[in-house]
1. Val268 is checked against (1) at pLDDT 75 or above; (2) of a type outside the set (S, T, N, Q); (3) surrounded by 20 or more Cβ atoms within 10 Å (Cβ to Cβ) and fails just one. What number does that condition carry?
2. Determine which member of the set Ala357, Ala362, Ala366 is touching a helix residue (DSSP H, G or I) at 6+ places or on another chain (Cβ under 8 Å), open to solvent by 30 Å² or more (accessible area, probe 1.4 Å), assigned to a helix (DSSP H, G or I) and of a type in the set (A, V, I, L, M).
3. Can you find a residue in the stretch 370-381 that is of a type in the set (S, T, N, Q) and under 14 Å from Gly308 (Cβ atoms)?
4. Check every one of the helices (runs of 4 or more DSSP H) wholly within the stretch 196-296 and list those with 1 or more residues that are within 26 Å of Ala401 (Cα to Cα) and free of Cβ contacts under 8 Å to residues at least 24 places away in the same chain.
5. Which of the residues spanning the stretch 225-245 are surrounded by fewer than 16 Cβ atoms within 10 Å (Cβ to Cβ) and not polar (S, T, N, Q)?
6. Hey, among Ala103, Ala107, Ala132, which residue is crowded, with 21+ Cβ neighbours inside 10 Å and part of a helix (DSSP H, G or I)?
7. Of the residues in the stretch 284-306, how many are open to solvent by less than 50 Å² (accessible area, probe 1.4 Å) and among the hydrophobic types (A, V, I, L, M, F, W, C)?
8. Filter the stretch 57-84 down to the residues that are of a type in the set (Ser, Thr, Tyr), open to solvent by 30 Å² or more (accessible area, probe 1.4 Å) and in a helix (DSSP H, G or I) and list them by number.
Amino acid sequence: MPPAAPSDAPTPAPQPESPGLTRPLPLAAAYMLASMFIALSQSLGQGFLAANIPTLAGELGATQSQTAWLMVAFMAPRASLPLMLIKIRSQYGLRRFAEVSIALYAAVALLSLLTRDLRSALLVELLSGISAAPLATLAFLYALEPLPQRLKLTVGLPFALSFIALGMPLARAISPTVLTDGGWTDILLLKLGMAMVCLFLVFRLPLPHGERTRTIRGLDLISFSLIAASFGGLVACFTTGYIYWWTAAAWIGPVLALSIAGLVLALVIELHRTAPLLDVRWLATPEMLHLTAALLIFRVILSEQTAGAPGLFQTLGFAPEQIAPLFWAISLATLAGGAACALVMRLERVPAIHVVALLLIALGSAMDAHANTDVSPTLMITSQAMVGFAAAMFLPSAMAAGLVKALSKGPQYLLSFVIVFLSSQILGGTVGAGLFRTFVAVRTTAHGQALAEGLQTGDPLVSARLAGIAAQLSSTVTDPVRLRAQAVAQLAADTARQATVSAYNDVFALISALALCALAALLGHIARDWLRARMARHVPDAG
């Protein structure tokens, strides 16, 4: 133990605090840096996995359908663990929660270096999903810690959510660079390095201990087990359903039915508890149903950046290096959207922010819905950047509005809202991506069949097209039989490409239509509230 300072030693002058901050400016900046690193560590881990399934399949000696289960293993615990994390944090203290969470995350990152086959990879990704689940909460806590009350919702939330959202596009942007030599091991080393930085920051910049209350009860574990199993089943079905195909795999129907039954049973248990894990009655009020529906619909719409543009360009055979500039643009737009949200956000402006976000999504998706077979990633930079900007504006404002509604009812309602927000984002993204990929598969088949019906050998247009392709190939192929065979193969490949592009055009058009429908519903809601307020002002005072 170091010796105590002598009593006559000069007292160090206190560091000046920046106006409005609860901590000195350098320390406040360090807390915000910790929030950024923690948010990126969590979101980059998911982004690297989603972007590199083909690479992992090759390194693990597995098929891509088998490797898709790695996403299930990672996402399933992240969908359900928010149910218990807030209670765990309340019972064991904020500081201990932060330190144990980040230590587990770093330990799992180190363990991941031992992955050698699909079985060990599945176990590691399951542990990664469990250990990464608290990081979103930690990112929020570190962003809010140095800010005064008036800036927590307007600056802290957009800051944390922007970096949480940044991980997915940024992972696709930097993956080609990181994977140049060492393959997946380089990704694991990068994740481990970021985890160690987070570990240092959390222990060097401790959160306050906070009050500790005994909140976990026996029935909480039963309800959580039911919900966790149900969410896991839904994640598994919507992640792999379009791969195995919904009606071809015998297990999908029973798993979906059991998942829904498990959720219903958990809700019945919660309705009959005096201190429920979820306040179902409050969540079933019209106001909360409206907010939950808005969060789910918006998350489903935003699945376009997971299942839309990336899927299109991967299917068309573009290399990751060719797609990277598109995701650099989306990453920059995400940061710009978060900054714009922080600058303009006030609670009374939330509906206007949502209107702007939905307009941007509808316009960006409509721009992408007219692609042709010559489409390239650079042609979608503007439209996809608009969608990324809109997402970074919508989510912080929606969360801020929900937090205010929850806190106005009492602190006990905060848990229910946070669970709804986090689960809706994770489940909504998984369900939305699964539905859009299924829609793409259906529409690709439909367009392919329609084009194939037109490719009749007697059709003069087809004959002319074959003759044109043959003329292009004649300089390298001289054998007439081989020339015709290659011309037919080239025409078939062109037809498949056209069917794929047409299917994704349908997806972009559908997303634009959904955004416009959501916008119409929002404008109707705004008009109704305005009319009610106007009528209330004209009602004579009863007193």
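1. (3)
2. One residue alone meets the criteria, Ala366.
3. no
4. Correct list: 252-271, 280-283.
5. Those that are surrounded by fewer than 16 Cβ atoms within 10 Å (Cβ to Cβ) and not polar (S, T, N, Q): Tyr244, Trp245.
6. Step by step, each of Ala103, Ala107, Ala132 is checked, and only Ala132 is crowded, with 21+ Cβ neighbours inside 10 Å and part of a helix (DSSP H, G or I).
7. 9
8. Ser65
The values are calculated or read from the model by the stated rules, or taken from the named source; none is laboratory data. Please read all numbers here as calculations on a predicted model, not as lab measurements. When we count neighbours, we look across all protein chains shown, and the Cβ atoms used for this are built from the backbone with ideal geometry, even at glycine. Only protein heavy atoms, including side chains, enter the accessible area calculation; ligands, DNA and RNA are left aside. Shrake-Rupley method; radii C 1.70, N 1.55, O 1.52, S 1.80 Å.
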